[in-house]
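First up is the structure itself, then whatever we jot down about it.
Quick note: the coordinates plus some simple rules give every number you see, no bench work behind them. Quantities reported herein were computed from a predicted structural model and do not represent experimental measurements. Note: ideal-geometry Cβ built from the backbone for every residue, glycine included; neighbour counts use all protein chains shown.
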Amino acid sequence: MTYIYITRGPLQICDWGSLNDNLIQIRVATLKRLLPTIVAYGLEQKDSVDEQLMDRDSGEPIDDPIVILSDILSNYEGSTKILPDSDIQLYDEHESFERLSEDLRCYFEDYVQPRKESSNDREWFANFEKFIRYIIERRVLRVQNWY
């Protein structure tokens with residue numbers, strides 16, 4: 001509704017400059033309000049309801065594809081799927097980085113390769129690093145597509 005009122009006035013007097021300024025201000029305000037949640041969870045939160053990320057220009061949902069670990073790790077032969085981006089918390093201002101990374105490490109050990117069973121620590125850490133990098137890059141791409 002706010003959007004309609006902002007656009008109606010300048011349209012009546014053909015003032016395109018102020019219309020663009022108002023739309024930019026709305027977009028910046030939305031970005032400031034939603035960006036922390038989207039970076040942390042990969043979801044929009046409106047009125048305490050989590051919603052799928054939508055492209056702000058087209059209104060289309062942003063893909064949150066299911067990825068199989070063997071697509072990321074060349075030496076992994078299983079068909080284990082990675083959690084969707086929207087199911088992984090990557091940031092919390094009240095949590096330490098160690099706590100968040102521990103959750104990802106536990107997931108990796110539970111579903112990919114337990115460190116205790118690895119005969120080569122270097123290989124285990126290399127795979128874990130690829131896993132973490134993929135998760136972060138996926139979130140960054142989804143946030144960039146969002147806005």
**Prompt:** What percent does the relative contact order of segment 58-125 come to when contacts are Cα pairs within less than 8 Å and at least six residues apart?
**Reply:** 20
**Request:** Work out, step by step, the length gained on full extension between Arg56 and Asn145: first 0.36 nm times the residue separation, then minus their alpha carbon distance; give nm to one decimal.
**Result:** 31.2 nm
**Item:** Length released on extending from Asp63 to Arg133, taking residue separation times 0.36 nm less the Cα-Cα span
**Value:** 23.3 nm
**Asked** Based on the Cβ-Cβ distance of Ser119 and Ser79, what FRET efficiency does E = 1/(1 + (r/R0)^6) give at R0 = 22 Å, to the nearest 0.05?
**Response** 0.45
**Message:** With unit charges on the beta carbons (Lys and Arg positive, Asp and Glu negative) and the dipole taken about the Cα centre of segment 77-142, which residue among Trp124, Leu104, Gly78 sits farthest to the positive side?
**Reply:** Gly78
